[in-house]
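Nothing in this text is a laboratory measurement; each read-out follows from the coordinates by a stated rule. Since we're looking at a predicted model, the values are computed, not measured. We place every Cβ from the backbone using ideal geometry, glycine too, and count neighbours over all the protein chains shown.
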Amino acid sequence: KAGVTQTPRYLIKTRGQQVTLSCSPISGHRSVSWYQQTPGQGLQFLFEYFSETQRNKGNFPGRFSGRQFSNSRSEMNVSTLELGDSALYLCASRHEGEWETQYFGPGTRLLVL
Amino acid sequence: LAKTTQPISMDSYEGQEVNITCSHNNIATNDYITWYQQFPSQGPRFIIQGYKTKVTNEVASLFIPADRKSSTLSLPRVSLSDTAVYYCLVGPLGGGADGLTFGKGTHLIIQP
């Protein structure tokens, strides 16, 4: 069974631009969560989607948004990029009810200049 | 999710057994203890999970004392490839509203 895939793997943007990242979960997983990882703040929860609906949201500004499609694929968007948005963005999928066994993708490394 | 405290870093040598302890004094009755491993530029990977006493799988063992206020991840006969960051997480099963809270983790460095 294929793992979680994320595209692109690397991205360079400039301040003020917007970016869209994509995540394809493991087949059969309907829950997709997004995390931001930085050296200073560690790994922080952005939001979770289940059946095309945002179910939970972390403490991030409204510039960070996401959506999920009927095939469970998910995208996250960051508008008006700031230097501090430079990070590794990780997507994770899981079976509903299996909190502990989240399967993470390799991440998208975003650099904002 | 309950707050956890782990050592920031640890060093060991190939072939040794490594024990990483995590403190979680405010663990709730319905909380489980889960450990993840993360290599550079990769997403975290689930290692092991337990509720009490001892759990063992092909990768590691997890020891949880009766009061459950701490837990110890044991990695037998480590190799260079075990160099990674190890995260201890505490929370309920069935989905957490705030996602997974990872903390800073323990950076384990294995030397030849």
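Taking every alpha-carbon pair within chain A, the share separated by more than 17 Å comes to 50 percent. Rounded to 0.05, the FRET efficiency of the residue B:109 and residue B:56 pair, given R0 = 22 Å and the Cβ-Cβ distance, is 0.35.
In straight-distance terms, cross-link reach from residue B:3 covers every one of the lysines whose alpha-carbon lies under 28 Å from its own, apart from those fewer than eight places away in the same chain; here that gives A:57, B:52, B:54, B:69, B:104. Given 4 °C and 1.567 mPa s, compute D for chain B with the Stokes-Einstein relation, Rh being the Kirkwood radius over Cα pairs; round to the nearest whole µm²/s. Roughly 92 µm²/s, to the nearest whole number. In plain terms, the C-alpha convex hull of the protein assembly as shown casts an average shadow of 12.3 nm² when viewed from every direction.
Near residue B:41: Cβ cut-off under 14 Å, other residues only, Lys/Arg at +1 and Asp/Glu at -1. The net charge is +3.
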